[in-house]
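Colleague: Got a structure for you, questions after.
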Amino acid sequence: MDTHFMRHLLATIAYRATKVIENAPEHYPAFDAGQGVRTPVEILHHVWDVLLIAYRDLCGGERVEVPVADWGTEVERFYDVLSRLDEAVAGGAQPQKRSWEQILQGPLSDALTHIGQLATLRRLAGAPVPPESYLRARIQIGRIRPS
């Protein structure tokens, strides 16, 4: 597995999530799009949970059911698990139960999909993410938390 590529992907997940999280209006975390769609805070909790699957595969640990918390707590959980995952990859940790390809096609792709959902819900909530070219984004390996 190419550590550089995997860490760049994790930094990309962080960057895109930060675009959605930063400057979100107060009503956004609980925004209800209807028809059984998860709220943004529920989606962010799910993203944390799927990233935790990847982390536990590299570093061990058992799944524990954790209830959805407030937005600030879920944001902190997200950055915390993503930081720990990046540190594990940087330190040479290897998957124990799955292949790197499965981690990519499962939890990491799922995280990106749900970050896209968060961006869509933010638009529906009346506070779209400012447009930018992600091809030109300044993604930096190891930069997980916003500065």
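Colleague: Failed condition for ALA24, given (1) part of a helix (DSSP H, G or I); (2) closer than 29 Å to GLU132 by Cβ; (3) touching a residue at least 24 places away in the same chain (Cβ under 8 Å), with all others met?
Modeller: Answer for ALA24: the failing condition is (1).
Colleague: What's the number of the condition GLN96 fails, among (1) closer than 30 Å to HIS4 by Cβ; (2) assigned to a helix (DSSP H, G or I); (3) in contact with a helix residue (DSSP H, G or I) (Cβ under 8 Å, 6 or more places away or on another chain)?
Modeller: Unmet for GLN96, out of (1) closer than 30 Å to HIS4 by Cβ; (2) assigned to a helix (DSSP H, G or I); (3) in contact with a helix residue (DSSP H, G or I) (Cβ under 8 Å, 6 or more places away or on another chain): (2).
Colleague: Return the residue satisfying two criteria in turn: it lies in the range 29-72 and is in contact with a Phe, Trp or Tyr (Cβ under 8 Å, 6 or more places away or on another chain) and part of a loop (DSSP other than H, G, I, E, B), and of such residues it is surrounded by the fewest Cβ atoms within 10 Å (Cβ to Cβ).
Modeller: Checking each candidate, the answer is GLY61.
Colleague: Just name the residue that is nearest to the chain's Cα centre (by Cα) out of those in the range 101-125 that are of a type in the set (A, V, I, L, M, F, W, C) and crowded, with 18+ Cβ neighbours inside 10 Å.
Modeller: So the first thing to find is which residues in the range 101-125 are of a type in the set (A, V, I, L, M, F, W, C), and the list is 103-104, 108, 111-112, 115, 118-119, 121, 124-125.
Narrowing further to those that are crowded, with 18+ Cβ neighbours inside 10 Å: 103, 108, 111, 115, 118, 121, 125.
Details: ILE103: 14, LEU108: 8, ALA111: 5, ILE115: 7, LEU118: 10, LEU121: 15, ALA125: 20 Å.
So, considering only residues that are of a type in the set (A, V, I, L, M, F, W, C) and crowded, with 18+ Cβ neighbours inside 10 Å, the one nearest to the chain's Cα centre (by Cα) is ALA111.
Colleague: Six or more apart or on different chains, Cβ under 7 Å: which pairs go from a residue in the range 33-45 that's under 15 Å from ALA17 (Cβ atoms) and free of Cβ contacts under 8 Å to residues at least 40 places away in the same chain to one that's in a helix (DSSP H, G or I) and among the acidic types (Asp, Glu)? Could you list them?
Modeller: Note: pairs meeting the criteria are VAL41/GLU74; HIS45/GLU74.
Colleague: Within the range 99-137, track down each residue that is among the charged types (D, E, K, R) and modelled with pLDDT of 95 or more. Spell out how you get there, then give the answer.
Modeller: As a first pass, look at the range 99-137 and keep what is among the charged types (D, E, K, R): 101, 110, 122-123, 132, 136.
Hits for the range 99-137 are GLU101, ASP110, ARG122, ARG123, ARG136.
Colleague: So which residues in the range 55-73 are β-branched (Val, Ile, Thr) and within 18 Å of the chain's Cα centre (by Cα), if there are any at all? Before the answer, list the steps.
Modeller: To start, the set of residues in the range 55-73 that are β-branched (Val, Ile, Thr) comprises 64, 66, 68, 73.
Matches in the range 55-73: VAL66, VAL68, THR73.
Colleague: Could you give every pair whose Cβ atoms fall below 7 Å, whose first residue belongs to the range 82-103 and is in contact (Cβ under 8 Å) with a residue 40 or more places away in the chain, and whose second residue is of a type in the set (A, V, I, L, M) and surrounded by fewer than 17 Cβ atoms within 10 Å (Cβ to Cβ), counting only separations of at least 6 or pairs across chains?
Modeller: Short answer, once both residue conditions are applied: TRP100/MET1.
Colleague: Quick check on my filter: what residues within the range 106-133 are of a type in the set (Ser, Thr, Tyr) and closer than 28 Å to ASP32 by Cβ?
Modeller: As a first pass, look at the range 106-133 and keep what is of a type in the set (Ser, Thr, Tyr): 109, 113, 120, 133.
Scanning the range 106-133 gives SER109, THR113, THR120.
Colleague: For the range 121-136, indicate whether the set of residues that are in a helix (DSSP H, G or I) and free of Cβ contacts under 8 Å to residues at least 60 places away in the same chain is non-empty.
Modeller: Within the range 121-136, the first condition is being in a helix (DSSP H, G or I), and the residues that meet it are 121-124.
Next cut, free of Cβ contacts under 8 Å to residues at least 60 places away in the same chain only: 123.
The answer is yes, given that some residue of the range 121-136 is in a helix (DSSP H, G or I) and free of Cβ contacts under 8 Å to residues at least 60 places away in the same chain.
Colleague: Which one is surrounded by the most Cβ atoms within 10 Å (Cβ to Cβ) among residues in the range 73-100 that are among the basic types (Lys, Arg) and within 24 Å of PRO29 (Cβ to Cβ)?
Modeller: Taking the range 73-100 first, the residues among the basic types (Lys, Arg) are 77, 84, 97-98.
Now drop any that are not within 24 Å of PRO29 (Cβ to Cβ), which leaves 77, 84.
On the way: ARG77: 19, ARG84: 16.
So the residue we want is ARG77.
The values are calculated or read from the model by the stated rules, or taken from the named source; none is laboratory data. Everything numeric here is computed off the predicted structure, so don't read it as measured data. Ideal geometry is used to build each Cβ from the backbone, glycine not excepted, and the neighbour counts take in all protein chains shown.
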